[in-house]
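Only one structure is covered here, and it is reproduced in the block below.
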Amino acid sequence: MQWYYAEGGKQVGPVSDADFQELLKSGRIVPKTLVWRAGMANWAAYETLYPAQPQPDAAVVPQEPDSGGNGNTLNPDLMAHARQALASR
């Protein structure tokens with residue numbers, strides 16, 4: 001399939017699917033870039049054709065399973081509190 005895209009107010013293309021993917025990876029085509037290919041009625045922003053997938057929150061770091069092998073995760077703060085409570089008995 002051949003793609004066309006707008007850059008600097010001008011039509012660029014045709015480019016192959018593989019070349020189009022490279023343009024995406026390089027950042028030359030961004031979500032707001034107008035694109036067109038055969039079968040489309042009008043030019044459209046790339047993001048309207050392939051909406052971005054939600055990205056996981058970078059601040060959330062998954063914890064490793066505990067060493068018991070049961071798939072549970074240990075909360076270090078909770079474990080410290082439990083140790084303190086047991087030690088005070």
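Throughout, read-outs are computed from the coordinates displayed, never taken from laboratory work. Note that the structure is predicted; figures quoted are calculated from it, not measured. Every residue, glycine among them, receives a Cβ derived from its backbone with ideal geometry; neighbour counts consider all protein chains shown.
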Nearest-0.05 FRET efficiency for Met40 and Ser16, computed from C-beta distance (R0 22 Å): 0.85
Based on the alpha carbon coordinates of segment 3-49, what radius of gyration and maximum Cα-Cα distance (Dmax) apply, in Å? 9.7, 27
